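Peer 1: I have a structure here, written as structure tokens, and I will follow up with some questions on it.
The values are calculated or read from the model by the stated rules, or taken from the named source; none is laboratory data. Predicted, not measured: the structure shown is a model, and the values here were computed from it. As a convention, Cβ positions derive from the backbone with ideal geometry for all residues, glycine included, and neighbour counts pool all protein chains shown. For accessibility, only protein heavy atoms count, side chains too; no ligands or nucleic acids. Shrake-Rupley method; radii C 1.70, N 1.55, O 1.52, S 1.80 Å.
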Amino acid sequence: MTNNKKKLSYSAIISILFAALIVAIIGSVVFGRYPIGLKELFGIIGSKLVYIEPFWEPVQESLLLQHRLPRILMACLVGCCLSAAGSAYQGVFQNPMAAPDILGASSGAAFGAALAILLDLGSTMTIVLAFVCSIVTVSVVIYTGSMAKGKRVLGLVLAGIMIGSLVSSGTSFIKLVADPDDQLPAITYWLMGSLNGTSPDDVKFALIPMAIGLIPLFLLRWRINILTFGDEEAQTMGVNAKRLRSVVILCSTLVTAASVAVSGVIGWVGLVIPHLARRLVGNNYRHLMPASMLFGGIFLLLVDDISRNLLATEIPIGILTSFIGAPFFIYLISRDGERY
């Protein structure tokens, strides 16, 4: 009877989060400097399925389909990916402080983007090079960690810190030699994280690696529970911990690289949201992973709404996530009875 009540409770929480995400998406479309009403929203979307006599302005359709809707979808995807990666890393490394950039994915992407801006390669190549450098950096981290003697997990973490620091030094050097009037501000702005200028092509580019990474994380979420028990326990349950850990790390890295490549460096989402989701559904990854995904999408979407509407000049989203996330995390870890 108790188990049924718990299952019902989990189902209710997931349903509420899903409904909140839908409401947040609709509200984000309507809410903006240039208004788009609900009637116009459903009319424009419906016209892509069946013929509807246009009763909206052409600029509203262009704004919705080319700018606002891609940005909203990207905010949901990035928030979902960073939260899922954070949850997975915390389980794999058995460390509540593990975050999506623990293996240097963010540092690598930052270096690639800074290099592309320095070479004036354009916005598309900036995203591509950021993604490629992120994957290459994590590959180097994994290779370096595999050569370390002792515990493999600890070797990976230490390699991530070392390689990440090295790549960050490269980014700093690029900033040093960049044109201070044009290139340096662009690099600095990218490093702050922003979804400004997101296009449908950006969504298409990010969607494939995100899906390739998210789907296995979702399907394997119950097995991540086994990793938290340790390798010996996993072995007794018939699970190849080494192989499973590699798959989870690979998928988490893929979604992190894709997210950072299209949004810049956005901190705290992958660290704070999984802890908040745990307070709602517990430590069972069967429930924690979907809750983290939905919660992350909602959180980053709402923060992006603040980013683009609070002031006349858009605030980089990375600044807001740090401003909100750091104090909130301090609150979480300082609560009586909280254990990590």
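Peer 1: Just to be sure I understand, how many residues within segment 73-99 are of a type in the set (V, I, T) and surrounded by fewer than 24 Cβ atoms within 10 Å (Cβ to Cβ)?
Peer 2: 1
Peer 1: Shifting gears a bit: Of all residues being at negative phi and small (G, A, S) in segment 178-235, which is modelled with the lowest pLDDT? Just the residue, please.
Peer 2: Ranking the candidates gives A234 first.
Peer 1: Of a type in the set (V, I, T), assigned to a loop (DSSP other than H, G, I, E, B) and open to solvent by less than 50 Å² (accessible area, probe 1.4 Å): does that describe I102?
Peer 2: On the way: of a type in the set (V, I, T): yes; assigned to a loop (DSSP other than H, G, I, E, B): yes; open to solvent by less than 50 Å² (accessible area, probe 1.4 Å): yes.
For I102, the condition - of a type in the set (V, I, T), assigned to a loop (DSSP other than H, G, I, E, B) and open to solvent by less than 50 Å² (accessible area, probe 1.4 Å) - is met.
Peer 1: Same structure again: Would you check if there is a residue in segment 220-240 being within 15 Å of the chain's Cα centre (by Cα) and within 26 Å of G164 (Cβ to Cβ)?
Peer 2: The initial filter retains those residues of segment 220-240 that are within 15 Å of the chain's Cα centre (by Cα), namely none.
Scanning segment 220-240, I find no residue that is within 15 Å of the chain's Cα centre (by Cα) and within 26 Å of G164 (Cβ to Cβ), so the answer is no.
Peer 1: Okay, moving on. What helices (runs of 4 or more DSSP H) lie completely within segment 208-296 and have 3 or more residues being crowded, with 19+ Cβ neighbours inside 10 Å and out of contact with any His (no Cβ under 8 Å at 6 or more places or on another chain)?
Peer 2: Of the helices (runs of 4 or more DSSP H) lying wholly inside segment 208-296, those with at least 3 residues that are crowded, with 19+ Cβ neighbours inside 10 Å and out of contact with any His (no Cβ under 8 Å at 6 or more places or on another chain) span 221-227, 241-263, 269-281.
Peer 1: Taking segment 295-319 only, how many residues are hydrophobic (A, V, I, L, M, F, W, C), farther than 16 Å from M74 by Cβ and touching a Gly at 6+ places or on another chain (Cβ under 9 Å)?
Peer 2: So the count comes out to 2.
Peer 1: Taking into account only those residues within segment 325-340 that are aromatic (F, W, Y) and open to solvent by 30 Å² or more (accessible area, probe 1.4 Å), which is modelled with the lowest pLDDT? Working first, answer last.
Peer 2: Going through segment 325-340, the residues aromatic (F, W, Y) turn out to be 328-329, 331, 340.
Imposing the further condition that a residue be open to solvent by 30 Å² or more (accessible area, probe 1.4 Å) reduces the set to 328, 331, 340.
Working: F328: 78, Y331: 77, Y340: 45.
Here the answer is Y340.
Peer 1: Please go through segment 187-207 and pick out each residue that is open to solvent by 70 Å² or more (accessible area, probe 1.4 Å) and charged (D, E, K, R).
Peer 2: Matches in segment 187-207: D201, K204.
Peer 1: Among the residues of segment 313-324, is there at least one that is closer than 15 Å to R221 by Cα, crowded, with 16+ Cβ neighbours inside 10 Å and free of Cβ contacts under 8 Å to residues at least 24 places away in the same chain?
Peer 2: no
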